[in-house]
Amino acid sequence: MTWVVANLGLIWARMLDHVVLSLPPIVLCFVIAVPLGWLARRYRVSRGIILTGAGLLYAVPSLPLFFVLPAVIGTGLRSPLNVIIALTLYGVALMVRVVADGLESVDADVRQSASAVGYSAWSRFWQVELPLAGPVLLAGMRVVAVSTVSLVTVGAVIGVQSLGSLFTDGFQRGIQAEIIAGLVATVTLALLFDGALVLAGRVLMPWTRKVASVRAPAPAEVSAA
Amino acid sequence: MNLFVDAIDWILDPANWTGLNAIPLRLGQHLVFTLVTLVIASAIAIPLGYLIGHTGRGRGLAVTTSGGLRAIPTLGLLTLVALWVGIGVVAPYVALTVLAIPPILAGAYTGFEAIDRRTVDAARAVGMSELQIVRKVEVPLGLPLLIGGLRSATLQVIATATLAAYVADIGLGRYLFTGLKNRDYAEMLGGSILVILLALVLEGIFALIQRFVVPRGVSGRLRTGRTSSPSTSTGTSSSTLRTDRRTALR
């Protein structure tokens, strides 16, 4: 406890590093995954290619990917960009499937009704299909947020500073309190991101609030996974 | 691309195929470590998951605990346990078993839950005992999702076993850390390529297994529920499960 009190400044600085590394992948993966997920659902051929690719990408372990990326894109080994790009790739790999599944879950009758009342394919996607797939997307994003925050720590072993640095430093110097502080801070940050997403979901999808009590188990289950 | 050529040269270098740091030896360590971790985790998670799935009790608790466990960063758990028990293979075994439990547990109980209640009721109606229902109905029907959970756990352990080399002299991850220490990029990259290949090969094997364990007559069970009536409860739960299976990965 004394270590924590004496090093609050350090913990705070690493926390900020952590946010800088984890926020871009979370936002970017959503922006990239929506069009890709749409493409995956639209055509049979693209579905096979995109979903298989996403599955394989997701199977690639994170630490080796941090080492391989510099050779592929020419960044320095200790560049924070490696971590950001690698985690964006994981986020996309996970979200593409979620987006495809989410769009698929929109009732075919609803889709046809929207076309019947005059929606173009473009506006139907943005105003009918995407909002209705919203709860599924939100559940997926919650998983992405929590796993991204957790995976950022791995970057510490190659020298990219984050809350994970508290683990490597605490391990090398044998300070248990430092590792525990890192664990608590990481989990807290993950919970904060998760809470922010839930809040954003309530604001953006007010219609889910009423049925929240009835449908609650489904998103909870996905987020747990 | 020159870097990749160096890495391939490193992998093919005969010097890296003999001695205490040989690639086959490291690969073997990695696989044995993964297998033992999975066996221990399965011995704990599968009976527990079946119990939760069959009785329907304790599900909320299981969801919360496994969700919480996933938020915990592996590196933190690994270093903390390593400080407690000392440098060596014990810390990675403990930390990785803890991490492998949630996906297997989820696979076990969601596998039971995905079964149509009418099927279970029918089994009970024809006079099967509870134990028979579990053994002859629920276990076979829940197998695809359980294998899905095992697949997630395996990939997670393979990945984290690499990280385990940070606290123990074990597995393919050693190449990454010695390379990092000696600034030998060919070794780091070569080691990374080996781990990635291993993960992809195992992913492929599991994809095949998963295809074969679906009992005849019910293959495509999840799909039909989904496409015919996506808005019904069957549709929602099956799409949730599909997400579950994929997202339980890390």
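The values are calculated or read from the model by the stated rules, or taken from the named source; none is laboratory data. All figures in this text were calculated on a predicted structure; none of them were measured in a lab. Please note: Cβ atoms are built from the backbone with ideal geometry, for glycine as well, and neighbour counts cover all protein chains shown.
Annotations
- Top-ranked residue in segment B:189-198 [being buried (at least 24 other Cβ atoms within 10 Å of the Cβ) and more than 7 Å from chain A (Cβ to nearest Cβ); ranked as nearest to the chain's Cα centre (by Cα)]: B:G191
- Exclusive hit being modelled with pLDDT under 85 and not acidic (D, E), set B:G88, B:G107, B:G111: B:G88
- Identification of helices (runs of 4 or more DSSP H) wholly contained in segment B:9-123 with 2 or more residues that are more than 11 Å from chain A (Cβ to nearest Cβ) and within 30 Å of A:L166 (Cα to Cα) yields B:23-55, B:90-113.
- Selected residue (criterion: surrounded by the fewest Cβ atoms within 10 Å (Cβ to Cβ)) from residues of segment A:88-138 that are under 30 Å from A:L151 (Cα atoms) and of a type in the set (G, A, S): A:G134
- Subset tally (residues that are over 30 Å from B:A106 (Cβ atoms), at the interface with chain A (Cβ under 9 Å from one of its Cβ atoms) and surrounded by 24 or more Cβ atoms within 10 Å (Cβ to Cβ)) for segment B:151-188: 1
- Taking every residue in segment A:161-177 that is more than 9 Å from every other protein chain (Cβ to nearest Cβ) and pairing it with any residue that is surrounded by fewer than 23 Cβ atoms within 10 Å (Cβ to Cβ) and not in a helix (DSSP H, G or I), at least 6 positions away or on another chain, the pairs with Cβ-Cβ distances below 7 Å are A:A177/A:M1.
- Filter result for A:G74 (away from every other protein chain (no Cβ under 13 Å), out of contact with any strand residue (DSSP E or B) (no Cβ under 7 Å at 6 or more places or on another chain) and surrounded by fewer than 17 Cβ atoms within 10 Å (Cβ to Cβ)): no
- Residue ID - farthest from B:D184 (Cα to Cα), chosen from residues in segment A:77-112 that are more than 8 Å from every other protein chain (Cβ to nearest Cβ) and in a loop (DSSP other than H, G, I, E, B): A:S79
- Only one of A:L21, A:L63, A:L56, A:L10 that is within 12 Å of chain B (Cβ to nearest Cβ), in a helix (DSSP H, G or I) and farther than 30 Å from A:V106 by Cβ: A:L63
- A count restricted to segment B:39-65 and to residues that are buried (at least 21 other Cβ atoms within 10 Å of the Cβ), out of contact with any Gly (no Cβ under 9 Å at 6 or more places or on another chain) and at pLDDT below 90 stands at 1.
Table: residues versus (1) over 21 Å from A:G164 (Cβ atoms); (2) among the basic types (K, R).
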{"residue": "A:V20", "(1), (2)": "no, no"}
{"residue": "A:R47", "(1), (2)": "yes, yes"}
{"residue": "A:A54", "(1), (2)": "yes, no"}
{"residue": "A:A86", "(1), (2)": "no, no"}
{"residue": "A:G91", "(1), (2)": "no, no"}
{"residue": "A:V99", "(1), (2)": "yes, no"}
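- Residue among A:A190, A:A156, A:A185 that is part of a helix (DSSP H, G or I), within 10 Å of another protein chain (Cβ to nearest Cβ), at pLDDT 90 or above and closer than 22 Å to B:A161 by Cβ: A:A156
- Among (1) surrounded by fewer than 20 Cβ atoms within 10 Å (Cβ to Cβ); (2) in contact (Cβ under 8 Å) with a residue 12 or more places away in the chain; (3) farther than 23 Å from A:V106 by Cα - the single one A:R47 does not satisfy: (3)
- Selection status of B:E203, out of contact with any strand residue (DSSP E or B) (no Cβ under 7 Å at 6 or more places or on another chain), outside any loop (DSSP other than H, G, I, E, B) and under 18 Å from B:P103 (Cα atoms): yes
- Test: A:S79 is free of Cβ contacts under 8 Å to residues at least 24 places away in the same chain and surrounded by fewer than 20 Cβ atoms within 10 Å (Cβ to Cβ): no
- Condition check for B:E138: at the interface with another protein chain (Cβ under 10 Å from one of its Cβ atoms) and of a type in the set (D, E): no
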